[in-house]
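The values are calculated or read from the model by the stated rules, or taken from the named source; none is laboratory data. Remember, it's a predicted structure, so these values are computed and weren't measured experimentally. Methodologically, a virtual Cβ is constructed for each residue, glycine included, from the backbone with ideal geometry; neighbour enumeration extends over all protein chains shown. Only protein heavy atoms, including side chains, enter the accessible area calculation; ligands, DNA and RNA are left aside. Shrake-Rupley method; radii C 1.70, N 1.55, O 1.52, S 1.80 Å.
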Amino acid sequence: MIKNLSFHNICIDELGCMRGGYDRAYREAIEDPERFWGRAAEDVPWYRKYKRVLNRDRPPFYRWFEGGSVNSCYAALDIHCDNGKGDNFALIYDSPVTGIRIKYTYLALRDLVARCAGGLRALGVEKGDRVVIYMPMIPEAVIAMLACARIGAIHSVVFGGFAARELAARIEDARPRVVVSASCGIEVARIIPYVPLLDGALDLCSHKPAACVIVQRPQHPVGLRPGRDVAWDALMDAAPAACVPVESADPLYLLYTSGTTGTPKGVLRDNGGHLVALRWSMENIYGMRPGEVFWAASDIGWVVGHSYIVYGPLFYGCTSILYEGKSVGTPDPGAFWRVIAEHNVSVLFCAPTAFRAIRKEDPAGEHIKKYDLSGFRMLFLAGERCDPDTLRWAQEQLKVPVIDHWWQTETGWSIGANCAGLELLPVRPGSCTKPVPGYDIRVLDASGRPVPSGETGNIVVKLPLPPGCFVTLYNHDDDYVKTYFSRYPGFYLTSDAGFIDEDGYLWIMGRTDDIINVAGHRLSTGAMEEVLASHPAVAECAVAGVYDPVKGEVPMGFVVLKAGVSKAPDAVVSELIGLVRQKIGPIASFKAAAVVKRLPKTRSGKILRGTIKKIADGTPYNVPATIDDPAILDEIATTLHSIGYPRREKGSAPEPVIKRGELRAEPVPVRPSPTDK
């Protein structure tokens with residue numbers, strides 16, 4: 001039974017008041033986007049109001065709020081200080097790995113950001129320049145991001161601890177004036193020195209920044225390189241800089257995401273559309289009200305951290321949590337509940353993998369019972385599809401609505417969600433509920449024809465995309481068009497597969513690459529994972545298509561068992577094979593599964609199914625730059641070898657696997673930025 005909820009603009013109880021709120025908003029956003037988003041933009045502090053809500057002159061290069069002038073830092077900090085809310089808390093830094101907790105008011109954070117902006121300007125950073133931020137989850141990272149926004153510079157955050165080669169590729173493409181980094185990151189009890197990685201990256205680059213700013217952490221102080229490095233404290237010893245008005249269409253940030261060719265794609269976000277969309281989402285998707293505490297348990301290196309650790313909550317006047325820790329191990333599976341109780345968190349947003357980890361270690365939810373969570377009212381999950389069993393477990397344990405919602409780095413905010421601030425619709429485990437107002441979602445077959453309700457196809461969004469979505473790929477307009485808009489003209493290709501049911505609910509079943517072809521039958525690995533996850537012994541799982549000499553490809557399961565499971569792994573595998581046969585049918589050809597210690601994931605929680613497939617098939621692979629722990633790949637390979645994988649046709653020679661020690665870093669070709677000419 002879901003408990004009653006009372007929000008500032010809706011009341012959800014047994015009577016179901018505010019019925020129709022979602023339908024009305026969605027219909028207007030699709031039929032008259034200029035009116036819908038023009039009304040949302042009225043709440044934004046414009047320096048100069050826009051002349052045109054939407055410029056449709058050059059699709060797919062749409063421009064929102066053309067002619068408007070804003071500053072995202074002013075909208076995140078100064079506006080609240082000017083409106084008498086400066087003593088409210090803006091940011092809470094909670095670091096179980098160091099034992100440090102710091103609370104920053106809006107006034108205090110604004111003053112720090114203004115001084116940082118002044119320091120960057122003293123180093124030569126001006127409007128339009130790029131600044132790469134290579135930082136752990138510490139307050140200085142947020143301060144640096146907002147300082148860039150304050151003076152109109154474009155920040156490009158790179159996940160702290162990325163390998164030198166990956167960092168080099170991003171520096172070479174962004175060509176930053178300054179790099180901001182730290183002496184180290186901390187992963188539970190492990191120190192990760194950052195400066196050697198930064199040094200290695202710069203050695204590979206032809207572009208050299210004017211300066212590198214280093215935050216000295218007491219856990220691992222380092223010597224600074226004369227003529228290049230600047231201490232953070234010295235940077236902050238500067239006169240504060242005022243906000244610089246920028247055009248709505250001017251870039252706010254550049255965020256790199258992995259490209260299919262191996263070259264990182266630089267997703268470019270504007271200022272005006274981003275501000276309007278995120279501010280709207282805080283109220284209407286997450287049901288927040290100003291002054292409440294919002295926690296996105298992510299990292300600033302990912303889009304979730306940009307949107308909902310830094311910008312979204314601050315735009316709306318909320319308090320945001322910056323958490324340097326894990327869901328388990330810092331110190332136990334009760335880590336999240338401690339933060340929620342201690343800081344009175346209203347809404348939590350995290351990846352499903354965090355909850356699978358908690359459930360694996362604490363299946364009965366004993367740690368939840370130790371904390372007062374009476375102020376906590378909703379959990380949102382995103383990052384990858386949440387299996388229904390994990391969602392149900394979380395809802396049963398927490399006694400609050402658990403909402404799986406779907407979005408991408410490119411969109412910057414939700415495509416599909418249960419919009420709690422408009423109308424909380426019934427939750428259907430496995431579905432992200434319905435399209436968010438502004439997203440006209442269609443499901444098409446390979447020929448571009450709409451598929452019937454309930455049938456899986458390619459998920460696309462009819463143009464124009466709503467405000468807040470990426471406006472291009474940095475320096476690569478042609479790739480932007482080719483990658484996202486050429487296959488289905490007039491539509492944005494999400495590269496996700498799924499279906500819309502007869503009630504309009506949207507079901508994301510996985511990436512189109514995760515749809516496998518078994519003897520001519522297209523099958524969803526997501527559907528099979530849903531079945532495996534329903535087994536009481538399974539904590540988390542993945543399904544990948546592996547080579548088969550007869551059928552071309554067959555599904556194989558990889559499962560992690562819950563703590564305390566005594567049943568033999570072979571017995572669990574046998575039951576899983578029977579379960580898939582029962583619930584999906586013999587057509588699935590699901591005849592193999594492996595019990596593994598861990599699943600390889602990115603640091604944002606996405607399971608690396610493609611890499612698992614390559615290991616199982618014995619084909620070459622590169623260790624993904626975003627992997628959380630490369631040692632897991634060796635564990636997977638050992639387990640697969642023990643059950644006879646990879647399997648090749650008789651007489652075929654095994655192909656070499658590119659292991660971690662064999663990777664060679666090579667310089668990246670220089671592509672000058674138009675702004676540097």
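Let me confirm something: among 455, 502, 423, which residue is charged (D, E, K, R), in contact with a Ser or Thr (Cβ under 9 Å, 6 or more places away or on another chain) and either in a loop (DSSP other than H, G, I, E, B) or crowded, with 20+ Cβ neighbours inside 10 Å (or both)?
502
Inside region 13-113, counting only helices (runs of 4 or more DSSP H) that do not spill past its ends, which hold 1 or more residues that are of a type in the set (Gly, Ala, Ser) and within 28 Å of residue 471 (Cα to Cα)?
Values: elements: 21-31, 33-40, 79-82.
Output list reads 21-31, 33-40.
Just checking, how many residues over region 203-247 are among the aliphatic types (A, V, I, L, M) and either touching a strand residue (DSSP E or B) at 6+ places or on another chain (Cβ under 8 Å) or over 30 Å from residue 72 (Cα atoms) (or both)? Before the answer, list the steps.
Here is the first cut: in region 203-247, the ones among the aliphatic types (A, V, I, L, M) are 204, 210-211, 213-215, 222, 224, 230-231, 234-236, 238-239, 241-242, 244, 246.
In the following step, the residues that additionally are either touching a strand residue (DSSP E or B) at 6+ places or on another chain (Cβ under 8 Å) or over 30 Å from residue 72 (Cα atoms) (or both) were identified as 204, 210-211, 213-215, 222, 224, 230-231, 235, 246.
Result for region 203-247: 12.
So which residues in region 351-371 are closer than 14 Å to residue 390 by Cβ, in contact with a helix residue (DSSP H, G or I) (Cβ under 6 Å, 6 or more places away or on another chain) and either of a type in the set (Val, Ile, Thr) or outside any helix (DSSP H, G or I) (or both), if there are any at all?
Correct list: 365 only.
In region 516-534, is there at least one residue being closer than 30 Å to residue 273 by Cβ, open to solvent by less than 10 Å² (accessible area, probe 1.4 Å) and hydroxyl-bearing (Ser, Thr, Tyr)?
Within region 516-534, the subset closer than 30 Å to residue 273 by Cβ is none.
No, every residue in region 516-534 fails to be closer than 30 Å to residue 273 by Cβ, open to solvent by less than 10 Å² (accessible area, probe 1.4 Å) and hydroxyl-bearing (Ser, Thr, Tyr).
If I filter region 519-539 for residues that are of a type in the set (Asp, Glu) and farther than 30 Å from residue 161 by Cβ, do I get at least one hit?
Looking through region 519-539, at least one residue is of a type in the set (Asp, Glu) and farther than 30 Å from residue 161 by Cβ.
Return yes when residue 174 is farther than 26 Å from residue 74 by Cβ, among the aliphatic types (A, V, I, L, M), touching a residue at least 40 places away in the same chain (Cβ under 8 Å) and in contact with a strand residue (DSSP E or B) (Cβ under 9 Å, 6 or more places away or on another chain) and no when it is not.
Values: farther than 26 Å from residue 74 by Cβ: no; among the aliphatic types (A, V, I, L, M): yes; touching a residue at least 40 places away in the same chain (Cβ under 8 Å): yes; in contact with a strand residue (DSSP E or B) (Cβ under 9 Å, 6 or more places away or on another chain): yes.
No.
Does region 434-452 hold any residues that are assigned to a loop (DSSP other than H, G, I, E, B) and of a type in the set (D, E, K, R), and which are they? Give the steps one after another, and end with the answer.
As a first pass, look at region 434-452 and keep what is assigned to a loop (DSSP other than H, G, I, E, B): 436-439, 445-449, 451-452.
Those that are assigned to a loop (DSSP other than H, G, I, E, B) and of a type in the set (D, E, K, R): 445, 449.
Among (1) surrounded by fewer than 17 Cβ atoms within 10 Å (Cβ to Cβ); (2) in contact with a helix residue (DSSP H, G or I) (Cβ under 7 Å, 6 or more places away or on another chain); (3) in contact (Cβ under 8 Å) with a residue 60 or more places away in the chain, there is one condition residue 210 misses while meeting the rest; what is its number?
Going through the list (1) surrounded by fewer than 17 Cβ atoms within 10 Å (Cβ to Cβ); (2) in contact with a helix residue (DSSP H, G or I) (Cβ under 7 Å, 6 or more places away or on another chain); (3) in contact (Cβ under 8 Å) with a residue 60 or more places away in the chain, residue 210 breaks only (2).
List the number of the failed condition for residue 189; all other conditions in (1) in contact (Cβ under 8 Å) with a residue 24 or more places away in the chain; (2) touching a helix residue (DSSP H, G or I) at 6+ places or on another chain (Cβ under 8 Å) hold.
Here residue 189 meets the rest and fails (2).
Checking residue 482 against (1) more than 17 Å from residue 414 (Cα to Cα); (2) surrounded by 18 or more Cβ atoms within 10 Å (Cβ to Cβ), only one condition comes out false. Which one?
The number of the failed condition is (2).
Return yes or no: is residue 619 surrounded by fewer than 18 Cβ atoms within 10 Å (Cβ to Cβ) and of a type in the set (Val, Ile, Thr)?
yes
Could you tell me which residue of region 372-415 is farthest from residue 602 (Cα to Cα), considering only residues that are part of a loop (DSSP other than H, G, I, E, B) and of a type in the set (S, T, N, Q)?
Our first condition is that a residue be part of a loop (DSSP other than H, G, I, E, B); within region 372-415, this holds for 372-377, 382-387, 399-401, 405, 408-413.
Subsequent filtering for residues that are of a type in the set (S, T, N, Q) retains 374, 408-409, 411.
Working: 374: 32, 408: 15, 409: 14, 411: 19 Å.
Restricting to residues being part of a loop (DSSP other than H, G, I, E, B) and of a type in the set (S, T, N, Q), the top hit is 374.
Condition check ((1) open to solvent by 10 Å² or more (accessible area, probe 1.4 Å); (2) in contact with an Asp or Glu (Cβ under 8 Å, 6 or more places away or on another chain)) across all residues:
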| residue | (1), (2) |
| --- | --- |
| 287 | no, no |
| 297 | yes, no |
| 323 | yes, yes |
| 333 | yes, yes |
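Name the single residue that is farthest from residue 327 (Cα to Cα) among those in region 579-606 being open to solvent by less than 40 Å² (accessible area, probe 1.4 Å) and in a helix (DSSP H, G or I).
By that ranking, first place goes to 588.
Can you name the condition, by its number, that residue 563 falls short on among (1) open to solvent by less than 60 Å² (accessible area, probe 1.4 Å); (2) under 23 Å from residue 406 (Cα atoms)?
Of the numbered conditions (1) open to solvent by less than 60 Å² (accessible area, probe 1.4 Å); (2) under 23 Å from residue 406 (Cα atoms), the odd one out for residue 563 is (2).
Go through region 80-122 and give me each residue that's over 29 Å from the mean Cα position of the chain (by Cα), surrounded by 17 or more Cβ atoms within 10 Å (Cβ to Cβ) and not charged (D, E, K, R).
Result: 81, 86, 118, 119.
Being over 18 Å from residue 383 (Cα atoms) and modelled with pLDDT under 95 is the requirement here; does residue 527 meet it? Before the answer, list the steps.
Working: over 18 Å from residue 383 (Cα atoms): no; modelled with pLDDT under 95: yes.
No, not satisfied.
Which condition number does residue 482 fail, the rest of (1) outside any loop (DSSP other than H, G, I, E, B); (2) touching a residue at least 24 places away in the same chain (Cβ under 8 Å) being met?
Unmet for residue 482, out of (1) outside any loop (DSSP other than H, G, I, E, B); (2) touching a residue at least 24 places away in the same chain (Cβ under 8 Å): (2).
Just need a number here: residues in region 432-452 that are of a type in the set (S, T, N, Q) and at pLDDT below 95. Step through it out loud before you land on a result.
Taking region 432-452 and keeping what is of a type in the set (S, T, N, Q), we get 433, 447.
Applying the additional criterion that residues be at pLDDT below 95 yields 447.
Summing the residues that are of a type in the set (S, T, N, Q) and at pLDDT below 95 in region 432-452 gives 1.
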